[in-house]
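The numbers here are math on the coordinates, done by the rules we state, and not lab data. Quick caveat, the model's predicted, so the values are computed rather than measured. FYI the Cβ positions are ideal-geometry reconstructions off the backbone, even for glycines, and counts take in every protein chain you see.
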């Protein structure tokens, strides 16, 4: 394989490749074998696809979705014709729009079918087993404006025909992120976020925010929030991921009094803080309000 000279990349700059659409983007996914094919979901614009690296975009969800708010997209590695979309974005703000569950396509996004979980409202992440497109996991945050029952981590073993809730924390906290070890898909990590908002404030964090791990494909879970090295006290929004090259290495980005980017090199048993860089873990609302008030600290209530 030809090695790329890194000096050739120095002149490259980020640029907007469109398309013009309302709102922000929180869900993106690429085709596993076609490097110029990408999908993104807008907070109020549905699902878009490009087959030429962003020169041209087309909307694929119009006429099929009952909502324009998209929170998660996942393309199956073993069968890229299978795509799952979770509706309702999980970056809950005053103008957040709810979704109506999970949509599935089996023809590369040409057509879509709603496959359930309609009362989850806001979906943060979808993960598909790397060898089985019918085994799929959903991290559902739940209602943004109050407690509800249909939230947590859900699993389907038959492509969305049936769902089982495999992890539940409380009616106030929902699953916000989900990571799967591609070298051993029985290992999963999930983060929960206790949060709700109304139109004048956001309650961002609480005792039910937590990190969980499963080693049996989601049948059972262990709360690893108190493992050595992780921040204590009230936790806010958290993200988690696993290295595909070194699966015992995991990262977590955590909102807390001692927030920052944390890393584990022993599959989550212990953690170390890599950086407290506030730009990495602060949500934009906090960034504006905290810095404008001259305070560099996280506020949850």
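Taking a temperature of 10 °C and a viscosity of 1.306 mPa s, what whole-number D in µm²/s does Stokes-Einstein yield for region 185-287 with Rh from Kirkwood over alpha carbon pairs?
Taking Rh from Cα pairs, D becomes 112 µm²/s.
Sorting 180, 12, 188 on the 10 Å Cβ count, fewest up front, what's the list?
Lowest to highest Cβ neighbour count: 12, 180, 188.
How large is the convex hull of the Cα atoms of region 1-89 per residue, expressed in Å³ as a whole number?
118 Å³
May I ask you to sort 60, 87, 225, 191 by Cβ crowding, counting other Cβ atoms within 10 Å and putting the fewest first?
Final ranking by Cβ density, sparse to dense: 225, 60, 191, 87.
Taking neighbour Cβ counts within 10 Å as the exposure measure, how do 15, 249 sort from fewest upward?
15, 249
Report the Cα centroid-to-centroid distance between region 46-89 and region 208-250 in angstrom, as an integer.
Measuring centre to centre over Cα atoms gives 28 Å.
From zero outward in steps of 10 Å, how is the percent of C-alpha pairs of region 23-292 spread across the bins?
All Cα pairs considered, the percentages come to 7, 31, 37, 22, 3.
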